[in-house]
Amino acid sequence: MTDIEPRTDGGLEWTYAPAPESRAIVSFEERYGLYVGGETVEPRSGEWFTSASPATEEPLAEVAQAGPEDVDLAVGAARAGYETWSGLRPSERAKYLFRIARILQERARELAVAESLDGGKPIKESRDVDLPLAAAHFFYHAGWADKLEYAFPNRRPRPLGVAAQIIPWNFPLLMLAWKVAPALACGNSVVLKPAETTPLTALLFADVCRQAELPPGAVNIITGDGSTGAELVRHTGIDKVAFTGSTEVGKAIQRELAGRGVPHTLELGGKAANIVFEDCALDQAIEGIVNGIYFNQGHVCCAGSRLLVQESILEPLLGKLRGRLSTLRLGDPLDKNTDIGAINSRAQLDRITELVESGQAEGAELYQPACELPERGYWFPPTVFTNVAQSFRIAQEEIFGPVLSVMTFRTPAEAVDKANNTAYGLSAGVWTEKGSRILWMAARLRAGVVWANTFNRFDPASPFGGYKESGFGREGGRHGLEAYLGFEG
Ligand code: NAI
Ligand code: MG
């Protein structure tokens, strides 16, 4: 059992002055209609809802709540858009994707601020991770658009048609890029539904499409809650579904699509093990642990939420981890020094709180550094649980918040057993000096991605996706293209 005390030395003497990014670079409209067939249209449903900033609870804009008639119009527009888009020469399609990539770069600052305002993530992350990666996905897929015959030699790839794409709120613009870029590169058209708490960067992306003079109907964006997503999946005019979100909704989508012959890829939750061996470079591992679970407030499907530490180094590791946690700055997402921003919604905060309470009730020990939470908005301090049994809910369920569960192991085989003892299988991390051990572990971990001596690294060329209840299908790389193509024979 570990006894964790808060730091007594008072932490750093120097504090950071506020360094807020200006929000003047973004001007949201009061209301956003739906982006259908290259035009902004009022919802036939006549319904609207508000997207707010989770850091301040301030309303940012009204967006349309698309109903069945709106979904039908969007799918119809995508069908017409598909005829045009799939008929273009592949090198022409590439040109549009390059344009979109460049516009994302040009408007990166505006989009990063919008992302942080609408979703609560630190500007440091939206600026340095979400935006550069979103642009990189369009550049990467622009390169493939006219080379698909070479990616799949002798298989005669062809587009599938209208792709229905539903994305979550943790990486709104990046998930849009993961979905839209490969779909368009392969000649499909798209109906995209962003999450209800973070629709605004997708609506700004509609403007990017306009600016790129993308042929009307190639990309359609409809906003709304889960009922809009369900309606889109039910529509008989779609040829492909790509979903990222909770395992529960993934299962519902799979049930709906059963027997319909609509190909689908599901990228669902995770409960990744971050495995630290005694021979690792400990300071680097600490950074990897912090990045693994506190990046984006832990709203990351591949977050390293279960820390497996070799028993011999548990005490020194926890000492360093506590020290590091006390230096994390929580607060205004637009402040460039902020490490931990706001929890995305009240509902998510409630879910995190409930699971953390269950951890305490089951007997785990909680540690949180001294940390002041802002009065307004949704916040949760970085949290570490020790004395965690594998059966505890905090060791089994996806918390999707800044909460780490620490467990120990003695041998590599035990580490593998514990790491694989989960319904999920999205990612894992291994920290060790031994290359041979990395390979031995990677071959045995049932996870789609295994990071070695790093964590949360992404590249458009590298396929990403899961095993078991983390879903199926890959995004990125040639594997990701395959999910948007049909093949002769
Ligand atoms: P969710 O799965 O309900 O939402 C994801 C997207 O699916 C949103 O766009 C939503 O509007 C849409 N959706 C909801 N119900 C639908 C339905 N029946 N048919 C089609 N689309 C539907 O996720 P939620 O409720 O926001 O979060 C719950 C938990 O899910 C989180 O605590 C987290 O554990 C997990 N999650 C995992 C994500 C991941 O990246 N793997 C992303 C978001 C949530
Ligand atoms: Mg919002």
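Below are the figures for this structure:
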read-out: Number of positions in the stretch 334-378 that are in a helix (DSSP H, G or I) and more than 20 Å from ARG306 (Cα to Cα); value: 3
read-out: Some residue of the stretch 86-100 being farther than 22 Å from PRO333 by Cβ and within 16 Å of ligand 1 (Cβ to nearest atom); value: no
read-out: Some residue of the stretch 257-275 being under 21 Å from the mean Cα position of the chain (by Cα), under 13 Å from ALA78 (Cβ atoms) and away from ligand 2 (no atom under 16 Å from the Cβ); value: no
read-out: Matching entry among THR265, THR198 (being over 19 Å from ALA142 (Cβ atoms), part of a strand (DSSP E or B) and either of a type in the set (D, E, K, R) or touching a residue at least 40 places away in the same chain (Cβ under 8 Å) (or both)); value: THR265
read-out: Close pairs (7 angstrom Cβ cut-off, 6 or more residues apart or separate chains): over 18 Å from LYS179 (Cβ atoms) and more than 16 Å from ligand 2 (Cβ to nearest atom) in the stretch 212-227, of a type in the set (Gly, Ala, Ser) and part of a loop (DSSP other than H, G, I, E, B) anywhere; value: PRO216/GLY37; PRO216/GLY38
read-out: Which numbered condition GLU365 misses (of (1) within 24 Å of ASP339 (Cβ to Cβ); (2) surrounded by fewer than 16 Cβ atoms within 10 Å (Cβ to Cβ); (3) charged (D, E, K, R); (4) over 26 Å from the mean Cα position of the chain (by Cα)); value: (2)
read-out: Number of positions in the stretch 43-55 that are in a loop (DSSP other than H, G, I, E, B) and either near ligand 2 (Cβ under 10 Å from one of its atoms) or crowded, with 19+ Cβ neighbours inside 10 Å (or both); value: 4
read-out: Residues of the stretch 311-341 satisfying the condition of being more than 24 Å from ASN274 (Cα to Cα) and either under 19 Å from the mean Cα position of the chain (by Cα) or hydrophobic (A, V, I, L, M, F, W, C) (or both); value: PRO333, LEU334
read-out: Checklist (1) over 23 Å from the mean Cα position of the chain (by Cα); (2) surrounded by fewer than 24 Cβ atoms within 10 Å (Cβ to Cβ); (3) more than 16 Å from ligand 2 (Cβ to nearest atom); (4) modelled with pLDDT of 95 or more applied to ASN154, failing item; value: (4)
read-out: Selection from the stretch 201-253 of residues that are part of a loop (DSSP other than H, G, I, E, B), more than 9 Å from ligand 1 (Cβ to nearest atom) and not acidic (Asp, Glu); value: ALA212, LEU214, PRO215, PRO216, GLY217, ALA218, ILE222, THR223, HIS235, THR236, GLY237, ILE238
read-out: Out of THR247, THR201, THR197, sole residue that is within 16 Å of ligand 2 (Cβ to nearest atom), in contact with a strand residue (DSSP E or B) (Cβ under 9 Å, 6 or more places away or on another chain) and on the phi < 0 side of the Ramachandran plot; value: THR197
read-out: Close pairs (8 angstrom Cβ cut-off, 6 or more residues apart or separate chains): assigned by TED's automatic domain parsing to the domain that holds LEU308 in the stretch 378-403, among the aromatic types (Phe, Trp, Tyr) and outside any strand (DSSP E or B) anywhere; value: PRO382/TYR294; GLU398/TYR424; GLY401/PHE380; PRO402/TYR294; PRO402/PHE380; VAL403/PHE380
read-out: Filter result (small (Gly, Ala, Ser), over 23 Å from the mean Cα position of the chain (by Cα) and under 23 Å from PHE295 (Cβ atoms)) within the stretch 402-441; value: ALA415
read-out: Pair list, Cβ < 8 Å and 6+ apart or interchain, from the stretch 425-438 residues that are in contact (Cβ under 8 Å) with a residue 12 or more places away in the chain to residues that are aromatic (Phe, Trp, Tyr) and outside any loop (DSSP other than H, G, I, E, B); value: SER427/TRP451; ALA428/TRP451; GLY429/TRP451; VAL430/TRP451
read-out: Long-range neighbours under 6 Å by Cβ, at least six apart or interchain, first residue not assigned by TED's automatic domain parsing to the domain that holds GLY237 within the stretch 52-76, second within 14 Å of ligand 1 (Cβ to nearest atom) and part of a loop (DSSP other than H, G, I, E, B); value: none
read-out: Number of the condition not met by GLN165 [criteria: (1) touching a Ser or Thr at 6+ places or on another chain (Cβ under 7 Å); (2) closer than 19 Å to VAL63 by Cα; (3) more than 16 Å from ligand 2 (Cβ to nearest atom)]; value: (1)
read-out: Any hit, the stretch 171-180, residues being farther than 21 Å from ALA94 by Cα and either within 15 Å of ligand 1 (Cβ to nearest atom) or in contact with a helix residue (DSSP H, G or I) (Cβ under 8 Å, 6 or more places away or on another chain) (or both); value: yes
read-out: Every residue from the stretch 56-85 that is β-branched (Val, Ile, Thr), more than 16 Å from ligand 1 (Cβ to nearest atom) and either part of a helix (DSSP H, G or I) or within 16 Å of CYS186 (Cβ to Cβ) (or both); value: THR84
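The values are calculated or read from the model by the stated rules, or taken from the named source; none is laboratory data. Note that the structure is a prediction, hence the values are computed from the model and not measured. As a convention, Cβ positions derive from the backbone with ideal geometry for all residues, glycine included, and neighbour counts pool all protein chains shown.
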